[in-house]
1. Those residues that are crowded, with 20+ Cβ neighbours inside 10 Å and assigned to a helix (DSSP H, G or I), I need them from region 1-19; list them, please.
2. Evaluate the following for D255: is it in contact with an Asp or Glu (Cβ under 8 Å, 6 or more places away or on another chain) and surrounded by fewer than 18 Cβ atoms within 10 Å (Cβ to Cβ)?
3. Across region 75-106, which residue is nearest to S254 (Cα to Cα) among those that are of a type in the set (A, V, I, L, M, F, W, C) and at pLDDT below 75?
4. With the condition kept exactly as written, say whether any residue in region 128-139 is in contact with a His (Cβ under 7 Å, 6 or more places away or on another chain), under 30 Å from F230 (Cβ atoms) and at pLDDT 75 or above.
5. Which residue pairs have Cβ atoms under 6 Å apart, sit 6 or more places apart or on different chains, and have a first residue in region 244-256 that is in the same structural domain as T106 (by TED's automatic domain parsing) and a second that is assigned to a loop (DSSP other than H, G, I, E, B)?
6. Could you count how many residues in region 93-108 are in a loop (DSSP other than H, G, I, E, B) and either of a type in the set (F, W, Y) or in contact (Cβ under 8 Å) with a residue 40 or more places away in the chain (or both)?
Amino acid sequence: MTYRRRASPLHAARAGVGCAYCAALALATLLLSAPVVLGAVLVSIAGAAVGARVVPEMRRAALLALPLGLLVMGVNMLVAQGGLTVIARLGDLPVFGQTDITLEATVYGAVLGLRAIALILCGALYTAAVDPDEVLALFRRFSFHSALTATLATRMVPVLARDARRLAEAQRCRPGPPPSRARLMRATTSGVLDRALDVAAALEVRGYGAARRPRGWRVSRPWSRHDIAFAVSAIAIVGLAVAARAANLLPFQSDPSLHAPVGAGGAAAAAALVICALLPFADRRGIER
């Protein structure tokens with residue numbers, strides 16, 4: 001998954017605001033455990049993917065995240081022995097011992113799986129909708145060399161992936177069994193040092209970093225309506241999550257018995273989170289920038 005510029009409000013916002021927006025959704029996922037609010041976060045991420053026009057990228061990320069969520073749920077079902085409602089008795093297993101699957105452990109495992117899926121999708125939304133070059137430029141004011149190193153590292157990964165695909169295609173044209181992934185990895189990474197030296201020589205020839213800008217020099221642009229909208233949205237999402245956690249509007253308990261009531265306040269908080277997350281996408285003026 002790589003970043004591509006698209007005509008969307010999230011792409012039009014500056015990188016720092018986009019990072020804050022994705023981090024706010026991730027923080028809400030970590031602060032609250034009720035299934036209704038995790039569902040609200042997933043709905044918000046799906047709506048943001050539609051608004052940012054990154055549905056194919058998010059679909060691929062979801063296909064990778066779903067097995068991990070199911071794995072987390074399955075492990076918790078086998079390992080966690082808490083809960084009063086037994087739904088299956090598996091007997092004495094070789095590694096786990098006497099294993100009983102309870103409804104409470106299953107529900108809590110599903111919550112952990114949903115949380116893992118939501119966090120992965122937050123990261124995928126950040127990768128697909130936030131400009132990595134602008135993000136690296138944010139760190140340049142703290143450390144120029146760190147920004148340069150991160151820039152080269154992020155640029156080299158797609159290049160190595162393309163090299164691996166080309167090597168695989170070339171070796172498939174040859175007779176005999178197809179190459180293993182280990183052989184492809186060795187062939188691809190064997191030239192990493194040479195490629196890095198070539199990049200460093202090219203940067204040196206071009207005089208990259210030789211000229212020093214005056215102290216305090218900074219290119220700044222005024223905040224746009226999309227910057228303000230997504231910044232306010234991120235603050236509102238964090239505020240709603242913290243307030244719901246402090247007021248216990250969405251209680252969730254799985255041990256020893258399942259307790260997850262959804263009152264009017266909790267439902268309103270979940271609905272407000274979705275509205276705050278998706279409202280900035282309603283204004284599509286100036287997204288061609």
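The values are calculated or read from the model by the stated rules, or taken from the named source; none is laboratory data. Only a predicted model underlies this, so the values are computations on that prediction, with no experimental measurement involved. Reconstructed Cβ throughout: ideal geometry from the backbone, glycine too, with neighbour counts over all protein chains shown.
1. If the condition is that a residue be crowded, with 20+ Cβ neighbours inside 10 Å and assigned to a helix (DSSP H, G or I), then P9, L10, H11, A12, V17, G18 are the ones that fit.
2. Values: in contact with an Asp or Glu (Cβ under 8 Å, 6 or more places away or on another chain): yes; surrounded by fewer than 18 Cβ atoms within 10 Å (Cβ to Cβ): yes.
Here the answer is yes, as D255 does meet what is asked.
3. The selected residue is L84.
4. Step one: filter region 128-139 for residues in contact with a His (Cβ under 7 Å, 6 or more places away or on another chain), giving 129.
Still in the running and under 30 Å from F230 (Cβ atoms): 129.
Going one step further and asking which of them are at pLDDT 75 or above, we end up with 129.
Looking for residues that are in contact with a His (Cβ under 7 Å, 6 or more places away or on another chain), under 30 Å from F230 (Cβ atoms) and at pLDDT 75 or above, one finds at least one in region 128-139, hence yes.
5. A244/L250; L250/L32; L250/A34; F252/S33; F252/A34; F252/A260; D255/G82; P256/L84
6. Filtering region 93-108 down to residues in a loop (DSSP other than H, G, I, E, B) leaves 94-96.
Next, only the ones that are either of a type in the set (F, W, Y) or in contact (Cβ under 8 Å) with a residue 40 or more places away in the chain (or both) stay: 96.
Of the residues in region 93-108, 1 are in a loop (DSSP other than H, G, I, E, B) and either of a type in the set (F, W, Y) or in contact (Cβ under 8 Å) with a residue 40 or more places away in the chain (or both).
Rundown of residues vs (1) within 13 Å of the chain's Cα centre (by Cα); (2) surrounded by 17 or more Cβ atoms within 10 Å (Cβ to Cβ); (3) outside any helix (DSSP H, G or I); (4) assigned by TED's automatic domain parsing to the domain that holds Q253, yes/no style:
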| site | (1), (2), (3), (4) |
| --- | --- |
| V41 | yes, yes, no, yes |
| G47 | no, no, no, yes |
| L70 | no, no, no, yes |
| G91 | no, no, yes, yes |
| A110 | no, yes, no, yes |
| I120 | yes, yes, no, yes |
